[in-house]
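Participant: One structure is given below, represented as structure tokens, and several questions about it will come after.
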Amino acid sequence: MRKTKLSTARLCRKGKGKSLKVNLRKCGKRNFQRYACAERERVKKMIVSTKDAPAAIGPYSQGIVTGGLLFCSGQIPLSPDTGEIIGVDVRGQTEQIMKNIKAVLNAAGCEFSDVVKTTCFLTNMGDFAAFNEIYAKYFTSNKPARSCIAAAALPRGVLAEVEVIASVAAGTGG
């Protein structure tokens, strides 16, 4: 019986550097990286939920931690206590959105400086400057990459929505 050459890929599973032995003869060097990526996909995800942010108004989670990243669902300006819309203009609504995002980030052990990407939705691009004014108060350093999209309409008739992706410290569920 012939011995096969084994290689070890270091994968992060639940914050631990467990080793995964891969038979290179069976999968080949070109497929090794694909195989390692597929193994990462099998890592469990952690659902993030907090009462300090509005409950999901549909079949989704407030956030998911997997692969060292926190993926936050889009936040709209709802009160966590009443579910009612907070703010009548884009400034007031953006302030509440950022408070909701902070609550989800904190529930996952993150803060605004950990955010690597935001996607912002506005129903009126004329509100862009006012939106930026409030947004900038929360991202004072380590500014994330960002996309801003004009949306024809948003849930519950709100003026803005923001979703974020943040880097999670090793060992915090991913």
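Participant: Just grab the label-to-label distance for ALA145 and SER49, each label 7 Å out from Cα along the Cβ direction, in nm (one decimal).
Facilitator: That separation, rounded to one decimal, is 3.1 nm.
Participant: Right, another one. Give, in nm to one decimal, the length gained when the segment between LYS137 and ARG156 is fully stretched (0.36 nm per residue of separation minus the Cα-Cα distance).
Facilitator: Details: separation 19, 0.36 × 19 = 6.84 nm, distance 2.53 nm.
In short, 4.3 nm is gained.
Participant: Next question, about the same structure. For LYS117, give me every one of the aspartates and glutamates with a C-alpha distance below 12 angstrom, ignoring sequence neighbours fewer than eight places off in its own chain.
Facilitator: Cα-Cα hits under 12 Å: GLU163.
Participant: Given the Cα-Cα distance of ASP89 and ALA169 and 0.36 nm per residue of separation, how much length would full extension add, in nm? Walk me through the numbers before you get to the answer.
Facilitator: Details: separation 80, 0.36 × 80 = 28.80 nm, distance 3.54 nm.
Once the chain is fully extended between ASP89 and ALA169, it gains 25.3 nm.
Participant: Right, another one. Going by a ≥ b ≥ c, the root eigenvalues of the Cα gyration tensor, does region 46-167 fall in the rounded group (a/c under 1.5), the prolate group (a/b larger than b/c) or the oblate group?
Facilitator: Values: a/c = 1.65, a/b = 1.20, b/c = 1.37.
Judged from the Cα gyration tensor, region 46-167 comes out oblate (a/c at least 1.5, b/c at or above a/b).
Participant: Now for a separate question. For a quick protection proxy, order the peptides 71-77, 108-114 by their average other-Cβ count within 10 Å, most packed first. All intermediate terms of the calculation are to be shown ahead of the outcome.
Facilitator: On the way: 71-77: 22.3, 108-114: 19.1.
In decreasing order of mean packing, 71-77, 108-114 become 71-77, 108-114.
Readers should treat all values here as calculations from the given coordinates under stated rules, not as data from a laboratory. From a predicted model like this one, the values you see are computed outputs, not experimental measurements. With ideal geometry, Cβ positions are generated from the backbone for all residues, glycine too; neighbour counts draw on all protein chains shown.
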